[in-house]
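Scroll down for the structure; my scribbles are underneath it.
Read-outs throughout are calculated quantities, based only on the coordinates presented, and are distinct from any laboratory measurement. All values derive from a computational prediction rather than experimental measurement.
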Amino acid sequence: MKRILLITAALLVGGLVLRRAGIEAIRLRGESAQLQDQVLAASNRLAGAQFDAESRRQDIASKTADSDSILSELAAVGRRRSQDPLSAEHALTQPPKDLPAWIPGSPYIWLEKPLLKRLSLDVFQPDGSLTPTAVEVLGLEAAEAGKLGESLKRILAQQIHQETSRARVVQEHLPEIAREKGPKFTLRIDPVQETSNGLRNEFEATLAEELGAQRVGLLKDSIERGLSGLFRNQPNEAWTLSFVLLPDGVFSQAEQRDGGTSIRIGFRDIRPSVPEHLHHLIPPEFLEKPPESAEP
């Protein structure tokens, strides 16, 4: 009987132990699963942090490269300015509060941009490129001015070629010259409105594209005057120039253009009155140096 009781007790104790072991195993499995989830989450966070760190590293590297480039450019500017005898004055000069302003000790004249509209400026050279003064006023770099100048010269060269082909020497002198005594020379340039206007429009479009609306707007009047001199469009009639060499060795000139006639007298060199590309049409006797006046 005792033996049976001992066996029964042992079985009960063993069952309790097994039950407790099962419960503990279940608990451990639960904790293990939780730990695995935590490890996975931590791994994901680590991967995200590493990705973010790499992105930031690349961004910093890019910004560092940009910064190095800017510093290099600034250093180059600094070296150029250090070679400028006015560099010390430039460094100390600050823009005044009120404009316009004249500061005796400053290397600058301080003006507002709109004042450029009131300036009468020679913008173009005879070949169509910008004058050095215009280049400086417009703040163009040498490379920019050179590139623009080549484009403008190419367009104007076409205009000159067409104008040359339309020019001829005629014997019908303008009345103001015909009644004078002395050798006479008359040059007539027939109009071709559409072609000339097309080249002028191309010239203006190229100028606007390279300079921008603001610069072109500020020098509009000066640009218009320059274009009129370069292209000389005559939409309705020919452009006629008549000259007479008077007995006292000076010239008189009559010019008919745009429906009006102008007179010029008492000059000794005919060449400035005739476009340079038409000088080959001037008779040799009109190019010889006239006799000096006997008057003191």
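Brief remarks follow.
- Computed from backbone phi, the HN-Hα couplings of region 115-123 come to 5, 4, 5, 8, 8, 9, 10, 7, 8 Hz, rounded to whole numbers (Karplus: 6.51 cos²θ - 1.76 cosθ + 1.60, θ = phi - 60°; Gly and Pro given as x).
- Karplus 3J(HN,Hα) series, Hz, for region 133-150 with 6.51 cos²θ - 1.76 cosθ + 1.60 (x for Gly, Pro): 5, 5, 4, 5, 4, 7, x, 8, 6, 4, 5, 4, 5, x, 5, 5, x, 5
- Interchain or long-range residues, amide H under 5 Å from Val192's placed H: Gln234
- Database remark: amide H of Thr186 closer than 5 angstrom to the amide H of Val170, Phe243 (H placed geometrically; neighbours at sequence offset of 5 or more, or on other chains; Pro and chain starts carry no H).
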